[in-house]
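Just below is one structure, and these are the notes that go with it.
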Amino acid sequence: MNRKEQILSVHAAFINEVVDCLHNPQRADDLAQLLQTDDANGWNELTRVLRQIQRGRRDMELLNGLDEEDQTITEAILRGLQDPGSLPDPQTRPDPGMAAPGLASMIHAAASGDANALQLIANMAEQMSRAGGAMARLASVIRPMINGEREPERLCKKLDSRTEEIVLGILRELRKLES
C-alpha cells in the first residue's frame with residue numbers, strides 16, 4: 001500500500017461522508033457539523049477548501065497550498081463527486097506498518113514541545129482509534145511514547161505480534177531521532 005492509498009484508507013469514512021453530504025442538500029447541517037468538528041481539531045485548510053467545494057467550486061487550484069494528506073483527501077472527494085464508484089472503501093483497513101517512521105517523527109516533535117505536531121498526532125490517534133483493529137491498538141501506545149515511555153515490554157503488553165512489530169519499529173526510529 002503506497003502513501004496515498006494509506007491516506008485514503010485512513011480517511012475513507014470521512015471522504016465518503018463528505019461526498020454523501022455534498023450530494024444530498026438535506027444533509028447540509030450534517031456537513032456543517034462535520035466541518036465544524038474538523039476545524040476545531042486543526043484541519044483548518046482542509047475545511048476551508050471543503051467549504052469552497054460545498055459552494056460549487058471544483059477546480060484543481062483548490063489543491064494549492066494544501067499538504068499531501070489534505071490534497072489526497074480533497075482529490076478523492078472531487079473524484080467521488082464526479083464518480084461515486086471511485087470512492088475509497090470505508091471497510092479497507094490501513095497498513096499501520098507503513099507509519100513507523102512518520103509516527104516516530106511526530107512523536108519526537110510532540111515530546112519536544114511542538115504544539116502543531118502534538119495536535120496532528122492527537123488527530124491521527126483519534127482516527128486510528130476509530131479505524132479499530134491494529135490501528136486502534138497502535139493508537140493506544142502513542143500517548144505513553146509522547147510522555148517518554150520507551151520500554152517495549154510495557155508498550156507491547158496487550159498488542160498482537162504485528163502491532164508489536166510496528167511499535168518496535170517506532171521505538172527504533174525514536175532512538176535514531178533521540179541520539
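Of everything listed in (1) over 16 Å from Gln6 (Cα atoms); (2) touching a Ser or Thr at 6+ places or on another chain (Cβ under 7 Å); (3) not assigned by TED's automatic domain parsing to the domain that holds Glu17, the single unmet condition for Leu138 is (1).
The set of residues from the range 141-161 being surrounded by 14 or more Cβ atoms within 10 Å (Cβ to Cβ) and more than 20 Å from the chain's Cα centre (by Cα) comprises Leu155, Cys156, Leu159.
The residues of the range 1-44 that are surrounded by 12 or more Cβ atoms within 10 Å (Cβ to Cβ), of a type outside the set (Asp, Glu), over 11 Å from the mean Cα position of the chain (by Cα) and modelled with pLDDT under 80, listed by number, are Met1, Arg3, Asn41, Gly42.
Applying a threshold of 6 Å to beta carbon distances and a minimum spacing of six or more residues, or different chains, the list of pairs starting in the range 164-179 at a residue that is of a type in the set (Asp, Glu) and ending at one that is modelled with pLDDT under 90 reads Glu173/Ala100; Glu173/Pro101; Glu173/Ala104.
Can you go through Arg150, Arg162 and tell me which one is on the phi < 0 side of the Ramachandran plot, touching a helix residue (DSSP H, G or I) at 6+ places or on another chain (Cβ under 7 Å) and assigned to a loop (DSSP other than H, G, I, E, B)? Just one listed residue meets the conditions, Arg150.
Residues in the range 1-43 that are small (Gly, Ala, Ser) and either part of a loop (DSSP other than H, G, I, E, B) or in contact with a Pro (Cβ under 6 Å, 6 or more places away or on another chain) (or both): Ser9, Ala12, Ala13, Gly42. Has the range 81-100 got any residue that is surrounded by 14 or more Cβ atoms within 10 Å (Cβ to Cβ), without any contact (Cβ under 8 Å) to a residue 60 or more places away in the chain and of a type outside the set (A, V, I, L, M, F, W, C)? Looking for residues that are surrounded by 14 or more Cβ atoms within 10 Å (Cβ to Cβ), without any contact (Cβ under 8 Å) to a residue 60 or more places away in the chain and of a type outside the set (A, V, I, L, M, F, W, C), one finds none in the range 81-100, hence no. Going through (1) touching a residue at least 12 places away in the same chain (Cβ under 8 Å); (2) farther than 26 Å from Gly132 by Cβ; (3) among the polar types (S, T, N, Q) one by one, Thr72 falls short only on (2). None of Pro88, Pro94 is touching a helix residue (DSSP H, G or I) at 6+ places or on another chain (Cβ under 6 Å), outside any helix (DSSP H, G or I) and at pLDDT 90 or above except Pro88. Every condition in (1) in a helix (DSSP H, G or I); (2) over 17 Å from Glu126 (Cβ atoms); (3) small (Gly, Ala, Ser) holds for Gly65 except the one numbered (1).
The values are calculated or read from the model by the stated rules, or taken from the named source; none is laboratory data. Every value quoted in this text rests on a predicted model; they were computed, and no experiment measured them. Counting neighbours? That spans all protein chains shown, and the Cβs are built from the backbone with ideal geometry, glycine included.
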